Amino acid sequence: MATKLQSTDPLAEIDRAVDRAAAALTAAQRPDGHWVFELEADCTIPAEYVLLRHYLGEPVDEVLEAKIGRYLRRIQSSVHDGWGLFHAGGFDVSASVKAYYALKMIGDDPQAPHMVRARTAILAAGGAAAVNVFTRIQLALFEAGPWSTVPTMPPELILLPRWFPIHLSKMSYWARTVVVPLLVLGALKPVARNAKGIKVDELYTGEAVRAGTKAADPKWLWTKGFNALDRLLKAGDGLWPTKLRQRAIRACEAWVVERLNGEDGLGAIYPAIANSVMMFDLLGYTEDHPVRAIARKSVENLLVIKEDEAYCQPCVSPVWDTALAAHAMLEAGGEANIASADAALDWLKPRQVLEVMGDWAEERPGVRAGGWAFQYNNAHYPDLDDTAVVVMAMDRAGTADRMPIDRGVEWTVGLQSKNGGWGAFDADNAYDYLNNLPFADHGALLDPPTADVSARCVSMLAQLGEASDSPRMTAAIDYLRREQEPDGSWFGRWGVNYIYGTWSVLCALNAAGLGTDDPMVARAAGWLTAIQNVDGGWGEDCNSYDLDRTGHVPAPSTASQTAWALLGLMAAGEVDSDAVARGIDWLATNQDADGLWGQEYYTGGGFPRVFYLRYHGYPKYFPLWAMARYRNLKRSNTKRVTVGM
């Protein structure tokens, strides 16, 4: 770990820190120009991977299972004896049941000390009957739990007209891709081929949980209505006309095949991919059938296999990592770093989705395609966040071919929602009542506009010269103004949490020309300064996503959150403040010998309160970006950030 800055020329010390970080980041760049870092979730994805292999009855890979077992045992909590949703997080019964089941399937003795401790904690939390809907489905597939506790979603849902209140087009992209193959599984209720026949009867307390049970909801009328509908659907489950049921299953099958996405898989996310594999298996596709085989291959592509451990990623993040790393390298400057950024942008250019084939077009049929996806390939589901970040990087690098930039802007503008903001993948995906479906007990069925994604789109438009008083910018800034929390922060949907949201919006407001004379900016900068940790860094716990939205929950300083806070404060004109100097000093002090920064804490958001992400790239490029910007601003005459991020 480096010593604290003590040079008579602090900027010279920062120069060296930036150079070391940039060199290390360059060393991590792939030969074709892109970056991709590990994307780690909680125990559920590797546990589900183990269960999937046993569900399919595949030969046991003892070496791989042993590595996954070591990973699961290592991340078991020594505090509450189960598994949480993020590093040092509290006990989660659903995650713990899946991890326990996977370890038992791998061969761990239920009487082993770690299994006894986990089982005791699970039973104290209500046992396997207290798990969420997706865990109930996992158990039901192995006859380790009853289908009767799984809310009914008939496959006929796919045949409903678009105006119907419950329709796939009204759900988020991730919900659609996960749900459609599940409709087939739920209708046909298959049983795993697992030769071991392992169950987890010891995790049940005898207490029954009725399907549809969920936390008290202020929209209780919707909840009651949907629970009543679920009871009605269960009562008539065997009464659907055979031909209609067959037609619905064929429609689900065709929907999945159309969006299969090659070796990147359905939706390019693990739950959807795994469900598609099980659906193909259930429908009689042989292992060597091209459709099933490529779907199965897409699961393997998500594995991270190391010498002693292995785990399965929820997805991969090459476009996101590459675009953000390119920004950091452009900020660092210098011929070699700019060359690295240019190589990254060359890699990104052909990955722009220029053909209208995505579900987003159902809501915006007249808009031309032009976005980028998060993963290597996901042409049906490009997203606004990646698109804005890529466009800004291309613009600040002076990319000669403006077509990708122009098409990215055109697509982004076309997906602005009616309230002035932007969601991640769709426009106006804000049918709040659907989160009261019994099936949606995770509360993440929708993709409504959020402050962080909207801020990125505003940043992009402003950087490219959009006037702040244009109708669409006025609507967007008004949306951000409405979304500001009483304490001055903004909620961060896709990053943890208020620090991430506030950084995002402050960059956008700066790009749009709003300075500290605007109360919105001043309050946000004051909030960031007020929550700075004593050691000079910033941190925020994932528990800040609690339903009551009481705001920032303090946590130990992390490299990525410190960098976000610094970038936000510098966007607000605070480069000469004591808070920024202390934050920069924290980054310099905590830079590792390899030139980068370590970070075990999760600072990425998947679904608030349900699913969190550890982006292994975040502590590598964001601190470099922040330190390089500080140096650049301190040496400039204007002391003002001139780009959108």
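Closer than 24 Å to Phe611 by Cα, modelled with pLDDT of 95 or more and open to solvent by less than 10 Å² (accessible area, probe 1.4 Å) - does that describe any residue in the stretch 324-347? Steps first, please.
Restricting attention to the stretch 324-347, the residues satisfying the condition of being closer than 24 Å to Phe611 by Cα are 324.
In the following step, the residues that additionally are modelled with pLDDT of 95 or more were identified as 324.
Those still in the list that are open to solvent by less than 10 Å² (accessible area, probe 1.4 Å) too: 324.
Looking through the stretch 324-347, at least one residue is closer than 24 Å to Phe611 by Cα, modelled with pLDDT of 95 or more and open to solvent by less than 10 Å² (accessible area, probe 1.4 Å).
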May I ask you to list the residues in the stretch 507-524 that are crowded, with 24+ Cβ neighbours inside 10 Å and either touching a Lys or Arg at 6+ places or on another chain (Cβ under 8 Å) or closer than 10 Å to Gly573 by Cβ (or both)?
-> Ala508, Asn510
Hey, Ala144 open to solvent by less than 10 Å² (accessible area, probe 1.4 Å) and either part of a loop (DSSP other than H, G, I, E, B) or among the polar types (S, T, N, Q) (or both) or not | yes
Out of curiosity, is Tyr376 among the hydroxyl-bearing types (Ser, Thr, Tyr), buried (at least 24 other Cβ atoms within 10 Å of the Cβ) and in contact with a Lys or Arg (Cβ under 9 Å, 6 or more places away or on another chain)?
-> no
Determine if the stretch 109-117 includes at least one residue that is of a type in the set (S, T, N, Q), over 27 Å from the mean Cα position of the chain (by Cα) and at pLDDT below 90.
-> no
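Condition first: open to solvent by 10 Å² or more (accessible area, probe 1.4 Å) and touching a residue at least 60 places away in the same chain (Cβ under 8 Å). Now tell me which residues in the stretch 447-475 satisfy that.
Matches in the stretch 447-475: Ala462, Gln463, Leu464.
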Please determine, by comparing only the residues of the stretch 360-387 that are of a type in the set (Gly, Ala, Ser) and out of contact with any Gly (no Cβ under 9 Å at 6 or more places or on another chain), which one is farthest from Ser172 (Cα to Cα).
-> Ala373
Answer yes or no as to whether Tyr311 is of a type in the set (Ser, Thr, Tyr) and either open to solvent by less than 30 Å² (accessible area, probe 1.4 Å) or in a helix (DSSP H, G or I) (or both).
-> yes
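Residue-wise test of (1) of a type in the set (Gly, Ala, Ser); (2) assigned to a loop (DSSP other than H, G, I, E, B); (3) modelled with pLDDT under 95; (4) more than 30 Å from Ile75 (Cα to Cα).
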position: Met1; (1), (2), (3), (4): no, yes, yes, no
position: Lys4; (1), (2), (3), (4): no, yes, yes, yes
position: Asp15; (1), (2), (3), (4): no, no, no, yes
position: Ala24; (1), (2), (3), (4): yes, no, no, no
position: Gln29; (1), (2), (3), (4): no, yes, no, no
position: Trp35; (1), (2), (3), (4): no, yes, no, no
position: Ala47; (1), (2), (3), (4): yes, no, no, no
position: Arg53; (1), (2), (3), (4): no, no, no, no
position: Pro59; (1), (2), (3), (4): no, yes, yes, no
What single numbered condition from (1) outside any helix (DSSP H, G or I); (2) open to solvent by less than 20 Å² (accessible area, probe 1.4 Å) fails to hold for Leu139?
-> (1)
Can you give me the number of residues within the stretch 544-566 that are part of a helix (DSSP H, G or I) and either buried (at least 24 other Cβ atoms within 10 Å of the Cβ) or on the phi > 0 side of the Ramachandran plot (or both)?
-> 8
Filter result (surrounded by fewer than 18 Cβ atoms within 10 Å (Cβ to Cβ) and either in a helix (DSSP H, G or I) or among the aromatic types (Phe, Trp, Tyr) (or both)) within the stretch 387-409 = Met403, Asp406
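The values are calculated or read from the model by the stated rules, or taken from the named source; none is laboratory data. What you see is a predicted model, and the numbers here were worked out from it, not measured in a lab. Virtual Cβ from ideal backbone geometry, glycine too; neighbours counted across all protein chains shown. For accessibility, only protein heavy atoms count, side chains too; no ligands or nucleic acids. Shrake-Rupley method; radii C 1.70, N 1.55, O 1.52, S 1.80 Å.
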